[in-house]
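Student: One structure, pasted below without further comment.
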Amino acid sequence: MPDARSIPLGRIYDDLAFLMPLITPPAEYAEEAAHWRTLLREKLGSGRHAILELGVGGGHNLSHFAAEFDATAVDLSGAMLAHCRRLNPGVKLVQGDMRTVRLGETFAAVLIHDAISYMLNEADLAAAFATAAAHLRPGGVFITSPDRYRETFQSPSIDHATHGAGDREVTYFEYTHDPEPADTIVESIITCLIRSPGELRIEHDRHLTGLFPRATWLRLLQAAGFTVETRIFALPDWPHPYELLVGTLA
Ligand SMILES: C[S@@+](CC[C@H](N)C(=O)[O-])C[C@H]1O[C@@H](n2cnc3c(N)ncnc32)[C@H](O)[C@@H]1O
């Protein structure tokens, strides 16, 4: 294992992006996505509304309801957008940064799923919320899902899984720790063991993501103009209650 700091950042969204359908199979999002869909229907009513997802990745969560909406999606990574295109052929895709992108149109809803974790400091988080607000019609709804809060995060936290498809099987281990509790960043080291006939390939990846108190999320959402409500669910295999933050633009 190399020194953690020598591992390049974000390989699973770049040269290892081909692993994403195996690391997090779209089918595993069914129950989580059902909560997003129910909330969208509750807020928007029936009909084919225009929705925007920022940081869509492979569109695994979105794939469970994209066909019911006129969906547009943004991501930084061209490799992830290519995955998203295969899984969600009807979705309009744009390469861009959720902190700065401006599409020049507005939507009934803006979603930021787990990609919001990549906001590393309050300025990033505020910029992403400003992007959401800039793309909403009056009365529009913004939904996001913090992966973790400062109050409840246990360092280290460990996740692992094995999934296979065809003659390839991937086992991944993710170790997330807080190297500097005084800042708002946690580090994840990911190891992927990729088995195919006659070969076991091992790859490492490293990600930096944000860690904020819950009150910071609520304060920054309000500062961006949102009235905030929260929805909490229990999800199987989820280590803590799953919370959606729901902002409505006045
Ligand atoms: C965990 S993946 C998202 C997976 C997605 N929720 C799904 O259901 O498939 C995180 C994504 O966030 C994207 N991302 C990270 N920082 C970003 C930014 N500043 N703007 C846009 N996308 C970003 C990455 O490129 C990656 O595709």
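Student: Can you confirm whether Leu193 is crowded, with 20+ Cβ neighbours inside 10 Å and away from the ligand (no atom under 16 Å from the Cβ)?
Tutor: So Leu193 fails the test.
Student: What residue, among those in the range 1-35 that are near the ligand (Cβ under 9 Å from one of its atoms) and of a type in the set (Val, Ile, Thr), is surrounded by the fewest Cβ atoms within 10 Å (Cβ to Cβ)?
Tutor: Going through the qualifying residues, I end up with Thr24.
Student: Then there is this: Identify, by number, the condition in (1) in a helix (DSSP H, G or I); (2) under 15 Å from the mean Cα position of the chain (by Cα); (3) more than 8 Å from the ligand (Cβ to nearest atom) that Thr38 doesn't meet.
Tutor: Result: Thr38 fails condition (2) only.
Student: Answer yes or no as to whether Ala123 is within 13 Å of the ligand (Cβ to nearest atom) and either under 27 Å from Thr227 (Cβ atoms) or outside any loop (DSSP other than H, G, I, E, B) (or both).
Tutor: yes
Student: Under 18 Å from the mean Cα position of the chain (by Cα), among the charged types (D, E, K, R), surrounded by 14 or more Cβ atoms within 10 Å (Cβ to Cβ) and farther than 18 Å from Ala66 by Cβ: is that true of Asp114 in this structure?
Tutor: Spelling it out, it is not the case that Asp114 is under 18 Å from the mean Cα position of the chain (by Cα), among the charged types (D, E, K, R), surrounded by 14 or more Cβ atoms within 10 Å (Cβ to Cβ) and farther than 18 Å from Ala66 by Cβ.
Student: Quick check: is even one residue across the range 176-184 part of a strand (DSSP E or B) and of a type outside the set (D, E, K, R)?
Tutor: For the range 176-184, residues part of a strand (DSSP E or B) and of a type outside the set (D, E, K, R): present.
Student: Would you call Ala66 surrounded by fewer than 18 Cβ atoms within 10 Å (Cβ to Cβ) and either within 9 Å of the ligand (Cβ to nearest atom) or of a type in the set (A, V, I, L, M) (or both)?
Tutor: It is false that Ala66 is surrounded by fewer than 18 Cβ atoms within 10 Å (Cβ to Cβ) and either within 9 Å of the ligand (Cβ to nearest atom) or of a type in the set (A, V, I, L, M) (or both).
Only the coordinates and a few stated rules stand behind these numbers; no lab work does. All values reported here derive from a predicted model rather than from experimental measurement. Positions of Cβ are generated from backbone atoms using ideal geometry, with glycine treated the same way; all protein chains shown enter the neighbour counts.
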